[in-house]
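Read the structure below first, then the notes.
The values are calculated or read from the model by the stated rules, or taken from the named source; none is laboratory data. Since this is a predicted model, take the numbers as computed values, not measurements. Don't worry about glycine lacking a Cβ; one is built from the backbone with ideal geometry, like all the others, and counts go over all protein chains shown. Ligands, DNA and RNA are excluded from the accessible area calculation, which covers all protein heavy atoms including side chains. Shrake-Rupley method; radii C 1.70, N 1.55, O 1.52, S 1.80 Å.
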Amino acid sequence: MDYSKLSDFEINVAVFEALHGGSPDCKEGDDGAMLLVSFEGDVVGGDIVEVEVVRGSFDPCNNASDAWPIIQDNLISIIFDEDGNEPPQNAWCKAITKTGESHYGSEKEPLKTAMIAFLMKANKCTFCDGNGLIQIDHGENIGIEYKACPQCEGKCYVHP
């Protein structure tokens, strides 16, 4: 999956699901924040109605207090372009995990870049180790054949 094409909200939801194994009731807030909501009964004008109550938010793409524990726990490094040009040309940042998953993003979105690297690590196919291919050795006379991984069908993060 090409996470760079997802909105901040979609990445925030995917990160939450990767961390907690599912997603609570939520909706999109300002700037892509994931608003955690619950529904409560209330009486309005004599009628019993269900009212949406915002219980909190989760926005690791833009909020360092949400992102930092994920960055720290998953040993994600963020590296910035240091070309020294003013204004910076092709400015970028790179987030890389200790196990090698990396993503280049805008220098203005280092937390989002780190969350994409986290998702690449969290959703990596364990059957083909994230490369989308398996190797079949047919022996000395025929050679080695590469096929799409049967588990991820060649659609690991490396091959969106």
Exercise for review: Set the Förster distance to 25 Å, then compute FRET efficiency between SER102 and ARG55 from the Cβ-Cβ distance, nearest 0.05.
Suggested key: 0.15
Practice item. Provide the FRET efficiency to the nearest 0.05 for the SER65-ALA148 pair, computing r from the beta carbons and using R0 = 30 Å. Key: 0.15
Exercise for review: Starting from the Cα-Cα distance between GLU17 and ASP31, subtract it from 0.36 nm times their residue separation and give me the gain in nm to one decimal.
Suggested key: 3.1 nm
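Mind ranking LEU75, LEU119 by accessible surface for me, highest first, 1.4 Å probe? Before the final figure, lay out the partial values.
Working: LEU75 95, LEU119 0 Å².
Final ranking, largest accessible area leading: LEU75, LEU119.
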Practice item. Can you tell me how much longer the chain between ASN74 and VAL44 gets when fully stretched, taken as 0.36 nm per residue apart minus their C-alpha distance, in nm with one decimal? Key: 6.1 nm
